[in-house]
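First the structure, in the form of structure tokens, and then the observations on it.
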Amino acid sequence: KIEGTGLNLISYFLGKEKLMASATFKSNKLDLQEILDHLPGKKSGKKKAIKFPENLDMKLEFDIKDFKKDKLLAKNVRGTAFFDSPSLFVDSLSMQTMQGRLQGSFGMVQAEDIFSNVEAQLYNLDIQELFEAFNNFGQKQISPEHLKGSISGRCAFSSRFDSSFSIIPATIISENDIIIRDGELNNFAPIMALSRFIEVDELKNIRFSTLENTILIKNSQVIIPI
């Protein structure tokens, strides 16, 4: 359901001005990937290029009960989006996801590629579901089967997408001040390499009640300061 107003519809349709609009959007269920797959510009056998609309200046308040984008599933997604081509900014974003809660803001600009930036606060997210939803953040060192626990903290994430809105893993940069509770690190190869000093059985499953650190993801690597 969409309700709203266009402030200068006549001038817009006459091609004299860009459309300035304010609207509210409510949906019981929304699959973002399905929408992207139906955007115009499809070429046979190739991914579709996504082009931000031009001549549009819009404020959109949204409320989505069930949201899906690839592996990311969320409920009660709310926020306010501001679009002024080629820029999109989402403020006061909140959702229930990955058995916890997420709040933050999101920005995106389209040039040759699509640049995105996310600032988020995480509240008790399931760490396995987090890594699955974001495809291991473009790295291969740590995968969901290595991890268990809930994660809270602050996340700053930036990356580039190609014209078909597929993420370019090598461009991912993420700095995270996090707390992991009731955590486990299982069968993690760099830890298993310590087996010449410690019994292997003790390294296969490392459990901890609380772990607090700053984790950097850059150049397709996860960097954990000592």
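Derivation of every value follows stated rules applied to the coordinates shown; laboratory data play no part. Just so it is clear, the model here is predicted, and its values are computed rather than measured. Here the Cβ positions follow ideal geometry from the backbone for every residue, glycine too, while neighbour counts run over all protein chains shown.
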### Query
If amide H atoms are built 1.01 Å from N in the plane of the peptide, which residues on other chains or at least 5 residues away come under 5 Å of the amide H of S85?
L56
### Message
Below 15 angstrom from the Cβ of I224, what's the summed charge of the other residues (Lys, Arg +1; Asp, Glu -1)?
### Response
-2
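Helix-only estimate, please: 222 nm mean residue ellipticity of the chain, summing -39500 (n - 2.57) across DSSP H runs of length 4 or more and dividing by its residues, to the nearest 500.
That calculation yields -2500 deg cm²/dmol at 222 nm.
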### Summary
Two pseudo-spin positions, 7 Å from Cα along C-beta at R154 and at D84, lie apart in nanometres by 2.7
### Summary
Taking a ≥ b ≥ c as the square roots of the eigenvalues of the Cα gyration tensor, with a/c under 1.5 meaning rounded and otherwise prolate when a/b exceeds b/c and oblate if not, the stretch 94-155 is oblate
### Query
With r defined as the distance between the Cβ atoms of D182 and K59 and R0 fixed at 41 Å, what FRET efficiency is calculated, to the nearest 0.05?
0.50
### Query
Hey, what did the chain get for relative contact order, percent, Cα under 8 Å, at least 6 apart?
12
### Query
Tell me, what HN-Hα J-couplings in whole Hz come from the Karplus equation 6.51 cos²θ - 1.76 cosθ + 1.60 at θ = phi - 60° for each residue of the stretch 205-212, using x for Gly and Pro?
9, 9, 10, 8, 7, 8, 10, 10
### Message
Checking the cross-link filter: which aspartates and glutamates have an alpha carbon closer than 15 Å to that of K204, excluding same-chain neighbours under 8 positions apart?
### Response
E145, E184
#### Entry: Directionally averaged shadow of the chain, computed from the convex hull of its alpha-carbon atoms, nm²
14.6
## Note on the structure
Amide H proximity to G100 below 5 Å, modelled H, separation 5+ or other chain, gives D126
